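Okay, so here's the structure we're looking at.
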Amino acid sequence: MSRAANGSQYSLSELVGRFGGEVVGDASVRIAQVSPLETAQPGHLSFITNSRYLRHLVGTRASAVIVGEDLRDATALPRIVTGNPYAYFARVSALLNPAAVVAPGISASASVSPDAKVAASACVGAGAVIEAGAVVGERARIGAGCYVGRAASIGDDSLLHANVTVYHECLLGRRVIVHSGAVIGADGFGMAMENGAWIKIPQVGRVVIGDDCEIGANTTIDRGALEDTVLEEDVKLDNQIQIGHNCRIGAHTAIAGCVGIAGSTRIGKYCLIGGSAMIGGHLEIADRVQISGGTTIPKSILKPGVYTSVFPVSLHEEWLKNASVLRHLRDMRERVRVLEEKLKDRKEGN
Amino acid sequence: MSRAANGSQYSLSELVGRFGGEVVGDASVRIAQVSPLETAQPGHLSFITNSRYLRHLVGTRASAVIVGEDLRDATALPRIVTGNPYAYFARVSALLNPAAVVAPGISASASVSPDAKVAASACVGAGAVIEAGAVVGERARIGAGCYVGRAASIGDDSLLHANVTVYHECLLGRRVIVHSGAVIGADGFGMAMENGAWIKIPQVGRVVIGDDCEIGANTTIDRGALEDTVLEEDVKLDNQIQIGHNCRIGAHTAIAGCVGIAGSTRIGKYCLIGGSAMIGGHLEIADRVQISGGTTIPKSILKPGVYTSVFPVSLHEEWLKNASVLRHLRDMRERVRVLEEKLKDRKEGN
Amino acid sequence: MSRAANGSQYSLSELVGRFGGEVVGDASVRIAQVSPLETAQPGHLSFITNSRYLRHLVGTRASAVIVGEDLRDATALPRIVTGNPYAYFARVSALLNPAAVVAPGISASASVSPDAKVAASACVGAGAVIEAGAVVGERARIGAGCYVGRAASIGDDSLLHANVTVYHECLLGRRVIVHSGAVIGADGFGMAMENGAWIKIPQVGRVVIGDDCEIGANTTIDRGALEDTVLEEDVKLDNQIQIGHNCRIGAHTAIAGCVGIAGSTRIGKYCLIGGSAMIGGHLEIADRVQISGGTTIPKSILKPGVYTSVFPVSLHEEWLKNASVLRHLRDMRERVRVLEEKLKDRKEGN
């Protein structure tokens, strides 16, 4: 494994100086990298978020660990005690693994329209295309091979990795990260049948993405038909997600890979949607709903909670047996009803 | 919301002059844009396709609406009465929201083989690559960063948005639209196991796409192994669909996002396939079959109808209870059978 | 159908000279192409792997066929008898359909860092970008529009089709094939919630891909958070697959299209995973496990076998009936228990 660590080291006391928390044990221990408990080396800071993993704490070679109040005394290692060990780890990791610095400027092989407005502090990679009327904000980075369509806007400090496509007029906020292969603003899937053939319905809305969103690789977000498709701020989308036209995704919602959301559905804030879930169109999903991986949602969910719709896995032969009964479940219920009726009759008959 | 309206306005009488239908009320009302009932503004034309939405008709600010015969008298607003309001709306929207005009010509940064044949009326975007033997038809538009492989052919009036990949020898018909990130003609998934390792089977068929098809963003259609993979005319594919090698999709079939179709399956004409459905390989799906979103199809479907295979969603705790019983469904059926037997014995015994 | 056959012909005796097996019948028959039994023409070699397809053997126009020992006498046609007809067919097809030869060299429109190391025998397509510190091995082919990030490495004889993205530091072995739109090494989906907002966790691991792997179109493989994401040798991934961070996929495992594998899961060797399956995070899947298409795997599988979790498909009205009962399955089991209890009481009461 190679690490992009920047060679800096920080003592535990320096870390709590920056990020808060309390050191228990030797505060002068120096940290060069973060690692999981199992693979940590001397000089590494590890973390534990759940007492289920205490066995890994015992054998770790880490020089120090981040723990919650509940595990303050679970180790003799030097440790930082904090209310949120996982977030603390994230902050230390970002300190030790800063993103590569990229020089501002427009690559000689990029095609930037004279009618586009690219901040002098921005950078535009090789072969990227910026169409007329587009805006690229301060310190924004447009990766190699990206396409930013007519009148689209990329906010300050946003990052488009290589080969991202943003269609015309779409708006990305500040500090948005978009991974390679993502397509923002393709036409929604709208058509009308007439005389046995399809007529295309123009998709004239936009995609509007709030500040601090992250969009995974090969994820697609369709432009609205007449209104906009909207991601509120701090929405996190994993890879290969499909968001249909006119959807609205609430702030701080996180969606795992391969999820499909059909058109005109509104997802609340702080939702967590598991991988490969499928959410139908024209639905309303309340705030703080959690949807399990692989679950299909065909109707609105109006209350917070965890929702699931997965057929339990088993060996194929077992599955065959149960599935064949499942096809006749209504009949079986009727048979049970008949049995109940008969026993009741008997009792009465007796 | 921003609108790409072209600034033109049309009176209702002008619209029925172009598209047919009958005006009821003031035919001189001028229309600048189309909108849903709820968000329409004065100057907008809206539409209603279902009496379920009559409540939206009551409060709309639209200047006029498109209605079917059944709703001819459902409003006092000026209205166009037509047999197919949704298709009518599509036609008006296309009139008011024409696609941006792109000048013909080949971008200076495109790489076009001297052995390719690009119509003078076509346009090739920045950084696009057209390989030897490829043909780009009249008025076709090849977006920035597209790749059109050796001997591939793009029909007249077709549109490849930015960053589309078309492999060698694939054929796209006329008026085909392909959205960004789509990959047409990658190798099908074919290999043979020999001595504990895989041998690749050359994929020497093509992808052949009929006239008037639309292919969504990041959709993939694999080339055939020995035969071709075929989309007949007017097939509509949403985003992130995977079509395996040797498939044939019938004319006018529409497939929603995230659907996977395994190799060598034939889908009929006028099918409607819901999002995230999965269709196995070597199957036959009849004409006019509808498949619900999230449904898995492991066997051929030979009759039209609506087919579904979704586990019903519930709160996770409810699901846990039912799922645990489901694992023993066969046993439960046996218990019911035993009960029936016993009651029968009793009766006979009595 | 067009064929990329190279115009060469081989007699059956020449073929067994190269690939082994035994000719039965006229060994001088000359073969120009391979084809399925149903569509074969004179001059074609076909194959049969299963006696289920004997009916196709009867009417075939093929000049010869490849058969297993069991079907040695199933036809009067000249034939090659071999232990593994499908693998034999693969080898003959590769002989008759060789990949197009591409001249080495770097396209004038590619952007190759002076600090990258590209073998003289390699070829880099139009508009491709190779960043500083990257290595492109002997005879490797980097397609048009590909992006190879800082310090990434592409092994000898590997092939990146057009528009592939490889992020910084990722390592691809020898003879790896990557199809268009694939994204190797985007950030894994890692973040921590703090004070109501997400903090990004740097993803500092790499993707490491073994020799002889093939990666399908628009497939995404995320880089590890702290460790690497690893594909061992000869792993075959179809299109539109998502592999989460820190996963490890065992050698010779084949995964069909649209599969999602969440983070930190380890898949064994020689597994076969059906299309659209979904495998949860932090799981262990043993060697030689087979997972049916559409199956959701929420827990580890420690024994070889075929596993399935698909709701059986039916007409929608049938489904509605059974699904409504399914929601009350636990209740039904209780009713059966009560019935059993009553009958038992009776017996005892009698």
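The values are calculated or read from the model by the stated rules, or taken from the named source; none is laboratory data. Note that the structure is predicted; figures quoted are calculated from it, not measured. Cβ sites come from the backbone with ideal geometry, for glycine too, and all protein chains shown count toward neighbours.
Scanning the range B:161-182 for residues that are touching a Phe, Trp or Tyr at 6+ places or on another chain (Cβ under 8 Å) and closer than 29 Å to C:His252 by Cβ gives a single hit, B:Thr165. Highlighted here are the strands (runs of 3 or more DSSP E) found entirely within the range A:147-228 that include at least 2 residues which are without any contact (Cβ under 8 Å) to a residue 12 or more places away in the chain and more than 17 Å from the chain's Cα centre (by Cα): A:191-194, A:197-200.
How many residues does the range C:300-350 hold that are more than 8 Å from chain A (Cβ to nearest Cβ), within 38 Å of the chain's Cα centre (by Cα) and in a loop (DSSP other than H, G, I, E, B)? Count: 6.
Looking at B:Val148, B:Val129 in this structure, which one is facing chain C (nearest Cβ under 9 Å) and surrounded by 24 or more Cβ atoms within 10 Å (Cβ to Cβ)? Just one listed residue meets the conditions, B:Val129. When we screen C:Arg52, C:Arg3, C:Arg61 for residues that are at pLDDT below 95, basic (Lys, Arg) and outside any helix (DSSP H, G or I), the only hit is C:Arg3. Which of the residues belonging to the range B:229-246 are facing chain A (nearest Cβ under 10 Å) and in a loop (DSSP other than H, G, I, E, B)? Across the range B:229-246, the qualifying residues are B:Glu233, B:Asp234, B:Val235, B:Asp238, B:Asn239, B:Gln240, B:Ile241. For the range B:81-96, the criterion of a residue being without any contact (Cβ under 8 Å) to a residue 24 or more places away in the chain and within 18 Å of C:Gly127 (Cα to Cα) is satisfied by no position.
Looking at B:Ser28, B:Ser13, B:Ser46, B:Ser8, which is the one that is on the phi < 0 side of the Ramachandran plot, of a type in the set (Ser, Thr, Tyr) and in a strand (DSSP E or B)?
Numbers: B:Ser28 fails: in a strand (DSSP E or B); B:Ser13 fails: in a strand (DSSP E or B); B:Ser8 fails: in a strand (DSSP E or B).
After applying the criteria, what remains is B:Ser46.
Checked across the range C:269-280, the condition of being among the β-branched types (Val, Ile, Thr), out of contact with any Lys or Arg (no Cβ under 7 Å at 6 or more places or on another chain) and under 30 Å from A:Pro98 (Cβ atoms) holds for no residue.
Within the range B:259-308, can you find the residues that are crowded, with 23+ Cβ neighbours inside 10 Å and at positive phi? Of everything in the range B:259-308, those that are crowded, with 23+ Cβ neighbours inside 10 Å and at positive phi turn out to be B:Ser276, B:Gly294. Would you mind stating whether B:Ser51 is touching a residue at least 12 places away in the same chain (Cβ under 8 Å) and out of contact with any helix residue (DSSP H, G or I) (no Cβ under 8 Å at 6 or more places or on another chain)? So B:Ser51 does not fit the description; no.
Would you point out which residue out of A:Gly281, A:Gly268, A:Gly250, A:Gly274 is within 20 Å of C:Gly188 (Cα to Cα) and free of Cβ contacts under 8 Å to residues at least 60 places away in the same chain? If you could, list the steps in order and put the result at the bottom.
Numbers: A:Gly281 fails: within 20 Å of C:Gly188 (Cα to Cα); A:Gly268 fails: within 20 Å of C:Gly188 (Cα to Cα); A:Gly250 fails: within 20 Å of C:Gly188 (Cα to Cα).
Step by step, each of A:Gly281, A:Gly268, A:Gly250, A:Gly274 is checked, and only A:Gly274 is within 20 Å of C:Gly188 (Cα to Cα) and free of Cβ contacts under 8 Å to residues at least 60 places away in the same chain.
Residue-level check: of (1) of a type in the set (Gly, Ala, Ser); (2) crowded, with 18+ Cβ neighbours inside 10 Å; (3) over 27 Å from the mean Cα position of the chain (by Cα), C:Ser46 misses just (3).
Look at (1) of a type in the set (Gly, Ala, Ser); (2) within 12 Å of chain A (Cβ to nearest Cβ); (3) touching a residue at least 24 places away in the same chain (Cβ under 8 Å) and you find that B:Ser109 fails only one, number (3). Residue count for the range B:161-194, restricted to those that are more than 7 Å from chain C (Cβ to nearest Cβ), surrounded by 24 or more Cβ atoms within 10 Å (Cβ to Cβ) and in contact with an Asp or Glu (Cβ under 6 Å, 6 or more places away or on another chain): 1. When A:Ile66 is tested against (1) out of contact with any Pro (no Cβ under 8 Å at 6 or more places or on another chain); (2) surrounded by 20 or more Cβ atoms within 10 Å (Cβ to Cβ), just one condition goes unmet, and that condition is (1). Taking the range A:159-210 as the range and being in contact with a helix residue (DSSP H, G or I) (Cβ under 9 Å, 6 or more places away or on another chain) and at positive phi as the test, only A:Asn195 passes. Quick check: is even one residue across the range A:84-104 within 14 Å of chain C (Cβ to nearest Cβ) and more than 28 Å from the chain's Cα centre (by Cα)? Yes; the residues of the range A:84-104 include at least one that is within 14 Å of chain C (Cβ to nearest Cβ) and more than 28 Å from the chain's Cα centre (by Cα). When the range B:113-146 is filtered for residues that are more than 25 Å from the chain's Cα centre (by Cα), closer than 20 Å to A:Val112 by Cα and outside any loop (DSSP other than H, G, I, E, B), the ones remaining, listed by number, are B:Cys123, B:Val124, B:Val129.
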